[in-house]
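The values are calculated or read from the model by the stated rules, or taken from the named source; none is laboratory data. Since the model is a prediction, treat every value here as computed from it, not as a measurement. Here the Cβ positions follow ideal geometry from the backbone for every residue, glycine too, while neighbour counts run over all protein chains shown.
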Amino acid sequence: MADKEATVFIIDLGASMAAVNGGREESDLDWSMSYVWDKISNVVASNRKTLCVGVVGFRTDETNHTLSEDGYENISILQPLGPMSMSSLKALQPKVKPSRTVEGDAISAIVIAVDMIDKYTKKNKWKRQISCEGVDFDAPDYGFKEEDKPSVKKQNEETLKKLVDGCGDDSRFASMVEAIDDLNEPRAKSVKPYKTYEGLLTLGDPKNAPAVVEIRVERYFKTHLARPPAASTVVVKEEQAGPSQADEDEQMDGAELTAVRQARTYKVNDPDAPGGKRDVEFESLAKGYEYGRTAVHISESDQNVTKLATEKSFKIIGFVQKEKYEMLLNLGETCVTVASKYDEKSELAFSSLVWALSELDAYAVARLVTKDQKDPMLVLLMPYMEPDYVCLYDVPLPFAEDIRTYQFPPLDRVVTVSGQTLTNHRLLPSDELNQAMSDYVDAMDISSYGIDEDGQPAEYATIDELYNPAIHRIGHAIKQRAIHPEKPVPEIPPVLLRFAAPPTELVETVQPHIDALIHAADVKKVPPKAKGKRQRETVKPISGLDVDALLGEEQKGSISPENAIPDFKRALNSSEEVEQIADATKQMGAIVRSLITDSFGDSKYAQAMEGIGAMREELINLEEPGLYNDFVRDLKKSLLSGALGGDRRDFWFKMRWAKLGLIDKKQSEVSSVTLEEADEVSGAACCRIIRTLFANLWDSFTSRGEVSTLTKNGTMYMSGVTTESCALSIV
């Protein structure tokens with residue numbers, strides 16, 4: 001494939017092209033130009049100077065070309081042959097419109113196009129192609145034929161076909177309907193291969209062993225990761241653009257936009273500087289690596305110690321049998337290694353190595369450093385042979401530090417704590433379930449669901465038919481918006497959605513197997529809110545060791561009075577069953593009761609209130625409000641009955657004041673307590689009446705100046721009587 005391509009589009013702009021035919025909603029010219037615009041936009045998007053485009057129109061109102069001979073009237077060069085840019089595309093669009101004449105010859109237009117190519121390319125190596133697509137031309141292979149075709153059009157079509165057929169294998173004659181239907185088919189972008197490594201491939205240590213194999217090789221990319229086009233930040237171009245913006249504006253030609261320059265400044269805290277900050281130069285900055293929430297500084301001299309002093313090399317360090325290699329270790333993109341050109345000794349040695357690997361069904365493992373001071377990487381070399389071509393494909397491999405192994409329980413048996421092995425268990429699939437799953441998988445096999453050209457079963461979704469929707473959809477939208485900026489982005493092409501869902505016929509066939517699988521597996525719908533659902537996962541050490549036991553901590557789940565709240569939270573974090581949560585709540589409740597009972601006056605009330613608040617918050621997060629509500633109801637009975645060391649009704653008032661009453665449905669969706677029930681138990685309605693009463697008294701005393709002491713810690717003192725003491729008799 002030549003690196004340089006010269007293409008000239010010849011367009012019929014006669015008055016007849018304004019007609020609408022074939023049941024279409026747009027004119028013949030607009031319909032056929034959709035193909036031309038797509039091809040030109042691909043050239044613009046590639047941004048390659050060696051892809052040159054020219055446009056010639058015939059049956060135009062005027063004559064504008066370089067040939068001075070007669071017989072070339074009503075032919076115009078709309079776009080000279082050369083590189084295509086966005087501004088050139090915008091300038092070309094207004095010129096493409098139906099004329100007012102029917103005079104003009106297509107063969108003469110081809111002669112002018114050939115003359116343009118000869119003058120531009122001269123005798124250099126260029127790819128030249130003749131392509132003729134006509135509106136409603138017959139295409140027997142495609143299954144299209146225009147009925148009642150005029151005799152003149154039929155004769156012209158036959159003449160053009162003979163001309164194109166005589167131009168060689170690089171010519172193409174097709175109907176425009178075939179070309180337009182082919183537009184939405186994505187095209188894989190071909191990238192010019194480039195060397196990633198050129199040097200010696202060695203087997204053995206040349207420094208310590210005399211018997212060493214050295215082969216001069218070249219390494220290229222075989223596959224490359226494709227990404228969607230990247231967006232750039234632009235602003236509306238100002239009228240007065242400075243000379244320095246000329247180059248950037250050239251890249252944004254065709255739109256009233258200009259690139260955005262970004263500037264970055266660095267500041268540090270300085271109390272002596274204006275505003276408390278001062279600017280620093282980039283050269284004075286040092287690198288700091290994040291370690292937790294702390295930035296750890298490493299000087300450049302220390303950082304050099306962490307870098308490996310590597311030399312450019314490609315060394316085979318071992319071999320592995322093909323059947324023992326796990327494909328899941330493949331990482332990254334594929335490259336291909338071949339022997340250096342024009343080096344017969346290396347070609348012979350390289351071919352022997354490939355043949356040996358193939359005969360032994362083995363792969364080679366190599367250490368590759370593409371350049372000096374580059375990080376090394378491990379690659380797997382796989383042999384590939386054709387009659388006249390041998391190579392080694394390679395893929396990156398992980399280092400030992402990159403692999404993390406995880407142990408999972410076996411799927412076919414259950415091992416109990418005592419070491420007993422069970423093959424029948426509720427967590428193991430039954431024979432009925434295994435058979436249902438096997439039938440379902442077999443029914444969903446699409447390896448032979450497709451149909452080939454001969455009507456025989458074939459693979460349903462081949463690799464060549466699978467496209468990345470993100471890449472091609474964005475590219476398609478960009479092209480359409482570039483050509484028609486005033487029109488909305490078109491719908492997604494059907495070819496990108498072809499395999500977005502399984503075939504309807506296949507789903508209907510497989511549905512009985514799905515129903516049987518659901519029945520065998522006893523699948524049930526999960527309720528929207530499952531009781532006891534945790535909002536955070538249990539934290540387990542990666543090692544699987546009991547860290548608390550190693551550190552000499554108390555038994556898991558136990559709560560000590562000296563460290564009640566942290567122990568309570570730790571117990572909940574390690575709980576996996578509702579019973580464990582209830583046990584932790586019971587222990588915490590006993591500690592709270594002990595604090596109230598042992599309190600001299602209200603000396604331990606604050607500590608007890610803090611424990612109750614922690615219980616309330618944690619149990620709401622765990623969606624277990626029922627455990628807390630049961631505790632509050634029981635605590636109220638104990639407080640009012642005097643079972644907790646005498647008259648403790650003042651503590652109940654403090655709980656109501658701190659809003660630590662029952663958890664209602666407004667505070668937790670899984671609670672069974674209504675707002676009215678919560679108010680009734682906690683006496684919230686009474687509290688609201690008291691607050692209102694004393695607020696009025698406060699206003700009254702304040703207006704008469706009879707307040708002896710202001711509020712303190714939420715308690716209102718008026719003439720020696722507090723709201724707290726007045727409320728004690730109301731429970």
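When residues of segment 669-694 are filtered for being under 19 Å from M615 (Cβ atoms) and either hydrophobic (A, V, I, L, M, F, W, C) or at pLDDT 80 or above (or both), how many remain?
Selection size over segment 669-694: 6.
Yes or no: L595 without any contact (Cβ under 8 Å) to a residue 40 or more places away in the chain and touching a Phe, Trp or Tyr at 6+ places or on another chain (Cβ under 9 Å)?
Judged against the criteria, L595 is a match.
Just the residues that are of a type outside the set (V, I, T), assigned to a loop (DSSP other than H, G, I, E, B) and surrounded by fewer than 16 Cβ atoms within 10 Å (Cβ to Cβ), please, taken from segment 38-60. Give the steps one after another, and end with the answer.
Let us first name the residues in segment 38-60 that are of a type outside the set (V, I, T), namely 38-39, 41-42, 45-49, 51-52, 54, 57-59.
Checking which are assigned to a loop (DSSP other than H, G, I, E, B) leaves us with 47-49, 59.
N47, R48, K49, listed by residue number.
Within the bounds of segment 401-410, is there any residue that is in a loop (DSSP other than H, G, I, E, B), in contact with a Lys or Arg (Cβ under 7 Å, 6 or more places away or on another chain) and not aliphatic (A, V, I, L, M)?
Scanning segment 401-410, I find no residue that is in a loop (DSSP other than H, G, I, E, B), in contact with a Lys or Arg (Cβ under 7 Å, 6 or more places away or on another chain) and not aliphatic (A, V, I, L, M), so the answer is no.
Only residues in segment 123-142 that are part of a loop (DSSP other than H, G, I, E, B) count as the first member; pair them with residues that are exposed (fewer than 14 other Cβ atoms within 10 Å of the Cβ) and acidic (D, E), Cβ under 8 angstrom, at least 6 apart or cross-chain, and list the lot.
Close Cβ pairs satisfying both conditions: Q129/D170.
Return the total of residues in segment 486-514 being of a type outside the set (A, V, I, L, M), surrounded by 12 or more Cβ atoms within 10 Å (Cβ to Cβ) and in a helix (DSSP H, G or I).
The qualifying residues number 3.
May I ask you to verify whether P398 is touching a residue at least 24 places away in the same chain (Cβ under 8 Å) and not assigned by TED's automatic domain parsing to the domain that holds K90?
Taking the combined requirement at face value, the residue satisfies it.
Please state which one of T405, T310, T334 is exposed (fewer than 10 other Cβ atoms within 10 Å of the Cβ) and either within 21 Å of L225 (Cβ to Cβ) or polar (S, T, N, Q) (or both).
That would be T405, the only listed residue that is exposed (fewer than 10 other Cβ atoms within 10 Å of the Cβ) and either within 21 Å of L225 (Cβ to Cβ) or polar (S, T, N, Q) (or both).
Which of the following residues is over 15 Å from V336 (Cα atoms), modelled with pLDDT of 85 or more and not aromatic (F, W, Y): Q420, Q456?
One residue alone meets the criteria, Q456.
Table: residues versus (1) among the polar types (S, T, N, Q); (2) under 21 Å from G14 (Cα atoms).
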residue: A139; (1), (2): no, no
residue: F144; (1), (2): no, no
residue: S151; (1), (2): yes, yes
residue: R172; (1), (2): no, no
residue: V177; (1), (2): no, yes
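Restricting to segment 207-232, name every residue that is outside any loop (DSSP other than H, G, I, E, B), under 14 Å from K315 (Cα atoms) and of a type outside the set (K, R). Full working, then the answer.
Initially, segment 207-232 is screened for residues outside any loop (DSSP other than H, G, I, E, B), giving 213-221.
Within this subset, residues satisfying the condition of being under 14 Å from K315 (Cα atoms) are 213-219.
Scanning segment 207-232 gives V213, E214, I215, V217, E218.
Going by the structure shown, is Y35 assigned to a helix (DSSP H, G or I), modelled with pLDDT of 85 or more and either over 19 Å from R128 (Cβ atoms) or charged (D, E, K, R) (or both)?
On the way: assigned to a helix (DSSP H, G or I): yes; modelled with pLDDT of 85 or more: yes; either over 19 Å from R128 (Cβ atoms) or charged (D, E, K, R) (or both): yes.
Yes, satisfied.
Of the numbered conditions (1) assigned to a helix (DSSP H, G or I); (2) within 30 Å of Y220 (Cα to Cα), M437 fails exactly one; give the number of that condition.
(2)
For segment 194-205, which residues satisfy the criterion of being surrounded by 13 or more Cβ atoms within 10 Å (Cβ to Cβ) and outside any strand (DSSP E or B)?
Hit for segment 194-205 is G204, nothing else.
Does I483 meet the test of being surrounded by 11 or more Cβ atoms within 10 Å (Cβ to Cβ), within 30 Å of W31 (Cβ to Cβ) and among the aliphatic types (A, V, I, L, M)?
Spelling it out, I483 is indeed surrounded by 11 or more Cβ atoms within 10 Å (Cβ to Cβ), within 30 Å of W31 (Cβ to Cβ) and among the aliphatic types (A, V, I, L, M).
Check off (1) under 28 Å from R473 (Cβ atoms); (2) surrounded by fewer than 14 Cβ atoms within 10 Å (Cβ to Cβ) for P150 and give me the number that stays unchecked.
Here P150 meets the rest and fails (1).
So which residues in segment 276-315 are assigned to a helix (DSSP H, G or I), without any contact (Cβ under 8 Å) to a residue 12 or more places away in the chain and touching a strand residue (DSSP E or B) at 6+ places or on another chain (Cβ under 9 Å), if there are any at all?
G276, S284, listed by residue number.
Which one of these is closer than 22 Å to L329 by Cβ and in contact with a Phe, Trp or Tyr (Cβ under 7 Å, 6 or more places away or on another chain): L360, L380, L397? Even if it seems obvious, please write down each step before you answer.
Working: L360 fails: in contact with a Phe, Trp or Tyr (Cβ under 7 Å, 6 or more places away or on another chain); L397 fails: in contact with a Phe, Trp or Tyr (Cβ under 7 Å, 6 or more places away or on another chain).
After ruling out the rest, the residue left standing is L380.
If you go through segment 579-590 one residue at a time, do you hit one that is at pLDDT below 85 and under 16 Å from Y628 (Cα atoms)?
There is at least one residue in segment 579-590 that is at pLDDT below 85 and under 16 Å from Y628 (Cα atoms).
Provide a single number: the residues in segment 31-56 that are free of Cβ contacts under 8 Å to residues at least 40 places away in the same chain and touching a Leu at 6+ places or on another chain (Cβ under 6 Å).
The qualifying residues number 0.
Can you tell me which of (1) touching a residue at least 40 places away in the same chain (Cβ under 8 Å); (2) touching a strand residue (DSSP E or B) at 6+ places or on another chain (Cβ under 6 Å); (3) not in a loop (DSSP other than H, G, I, E, B) is the one G332 doesn't meet?
For G332, the failing item is (3).
Before we move on, is L380 farther than 13 Å from T196 by Cα, under 33 Å from the mean Cα position of the chain (by Cα) and surrounded by 15 or more Cβ atoms within 10 Å (Cβ to Cβ)?
Criteria met by L380.
Go through segment 611-629 and report how many residues are acidic (D, E) and loosely packed, with under 15 Cβ neighbours inside 10 Å.
1
For the subset of segment 408-460 comprising residues that are of a type in the set (G, A, S) and surrounded by 10 or more Cβ atoms within 10 Å (Cβ to Cβ), which member is farthest from A521 (Cα to Cα)?
Restricting attention to segment 408-460, the residues satisfying the condition of being of a type in the set (G, A, S) are 418-419, 430, 436, 438, 443, 447-448, 450, 455, 458.
Now narrow it down to the ones that are surrounded by 10 or more Cβ atoms within 10 Å (Cβ to Cβ): 430, 436, 438, 443, 447-448, 450, 458.
Numbers: S430: 9, A436: 9, S438: 13, A443: 18, S447: 27, S448: 28, G450: 31, A458: 33 Å.
In this case the residue turns out to be A458.
Okay, residues lined up against (1) among the acidic types (D, E); (2) touching a His at 6+ places or on another chain (Cβ under 6 Å); (3) exposed (fewer than 15 other Cβ atoms within 10 Å of the Cβ):
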| site | (1), (2), (3) |
| --- | --- |
| D105 | yes, no, no |
| I112 | no, yes, no |
| Y120 | no, no, no |
| N124 | no, no, yes |
| E133 | yes, no, no |
| K145 | no, no, yes |
| E157 | yes, no, no |
| L160 | no, no, no |
| V164 | no, no, no |
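Just to be sure I understand, how many residues within segment 373-411 are of a type in the set (S, T, Y) and farther than 30 Å from H425 by Cα?
Qualifying residue count for the region: 3.
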